[in-house]
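Where a number appears in this text, it was derived from the coordinates with a stated rule and is not lab data. Note that this is a predicted model, so its numbers are computed, not measured. Cβ atoms come from the backbone with ideal geometry, glycine included; neighbour counts cover every protein chain shown.
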Amino acid sequence: MIVVVSGNLRRYTSFEQEVRLDATSLEGALEALVARYPGLRPVLYDGDGKLRSVHRLFLNGELLDVGHGDRALAPTDELGILTAIAGG
Amino acid sequence: MPRAIDWEEVVDTRTFSAVQLKPGIVTALAWNALARWLRTHLVSLPELIGRESTGLVVMGFHLEYREPVSFFDCEAFRVRGAFRMLRRGERGQLDLRLSSGARELAVARLLVRPVAIRDPVSLGAEPAPMPEALMMRFEADERESTSPARLLPDRLATVETTGTLLAEHTRPFRIHRHLSEVAEQWSWTEIPVLVEAAKEDLALAPHEHAALLRRCLVRRLARFDVEFSRPFFSFESGEIVTRAYDVAERLAFVHRLTSSRGEHLHATVVEVFEA
């Protein structure tokens, strides 16, 4: 599956926009992403290990609800992470 | 009267095109006017963002050219900007005026929305009113409860429903760093640069209406309106879909800036030229 990273977050993925990962769940994909790019972990997650509310997740182009929970992913799925309204 | 800032801007060869004061110069002046106003009367933009965790997201910009002025008859002009909060701190509006002596070159309105920055590293933010501690520093006539008027929808409708479609063109673009700002997203001030390239490509292409379309290269732009829907981030690619219209013998262009796959609208621009 592919994780698509945008904006300010790309500086933490060596400016790669699309990151190909072997993950079968949403939580697994995010964990694999921050394992590959450790600098991304404090940006994505708060001190309690929760995804910061300023980041929105899109699965195959559809916005996931805030309380989306974990879900299974297919090999062809595309998970997008978008920072909502970057300040400045 | 709301407090204003003003300064004299000295003209150089980039300030004007062969036809008029460039809209990209006016957008840059408008943004700098807001930065100067904030620094003078509130806090500087770096302080606002870094210490007060408050950002300002641009929602719309509306420019009207007034008296025709060329490079050779304007060695400097005054920039004057006044800023006030609307809708009880949920919106802000900068009113800009450019003048040279008794001549009014252009007026513009910039509409912004405060956001609360939740993460100082990514600058991720959420809509929120201007913090009360900062609102208290605005004077009484700089704080209004009314909402600002949206100008673009009616202007867009006028062009698209009463105008005759002449041509259409799609131009890809990428938001490189030179088009970006500190938060790694496009700088709104660069919108005129992006749409001018699309418009000129359309005008210069061989076309049955080429002579009419090329008026945009010699006639003065009368009005420039833009409304923003969502940002483009740095290094992202998109497309500008440009349509040219004849509206009662005035040339008009509608530009829609979309994501590369066309699934998201990021901004809409309406340009109307003098007859």
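Here are a few things to note about the model shown:
- Against chain B, whose longest principal axis is taken from its Cα atoms, helix B:191-204 shows a tilt of about 0°.
- Of all DSSP beta bridges confined to the protein assembly as shown, the antiparallel ones make up roughly 95%.
- Beta bridges per DSSP with both ends in chain A, % antiparallel, nearest 5: 75
- Max mean-square fluctuation residue, GNM over chain A, Cα-Cα springs under 10 Å, options A:G69, A:G61, A:G28: A:G69
- Dipole magnitude of the protein assembly as shown about its Cα centre (Cβ charges: Lys, Arg +1; Asp, Glu -1), debye to nearest 20: 540
- Per-pair calculated FRET efficiency, R0 = 22 Å: B:A18 and B:R214 via Cβ, rounded to 0.05: 0.95
- Chain B: calculated mean residue ellipticity at 222 nm from DSSP helix runs of at least 4, using -39500 (n - 2.57): -6000 deg cm²/dmol
- Rg/Rh (Cα only; Kirkwood hydrodynamic radius) as it applies to the protein assembly as shown: 1.00
- C-alpha long axis of helix B:152-162 to longest principal axis of chain B, angle in °: 10
- Highest-MSF residue in chain B out of B:V11, B:V26, B:V254 [GNM, Cα springs under 10 Å]: B:V11
- Peptide B:119-130 shows a mean partner chain C-beta count of 6 within 10 Å per residue C-beta.
- Computed over chain A, the convex hull of the alpha-carbon atoms projects to a mean area of 5.5 nm².
- Sparse-neighbour loop sites [chymotrypsin sites (Phe, Trp or Tyr not before Pro); segment A:1-87; at most 11 other C-beta within 10 Å; DSSP]: A:F15
- Whole-Å semi-axes of the ellipsoid equivalent to segment B:152-273 (Cα gyration tensor, √5λ, descending): 25, 15, 13
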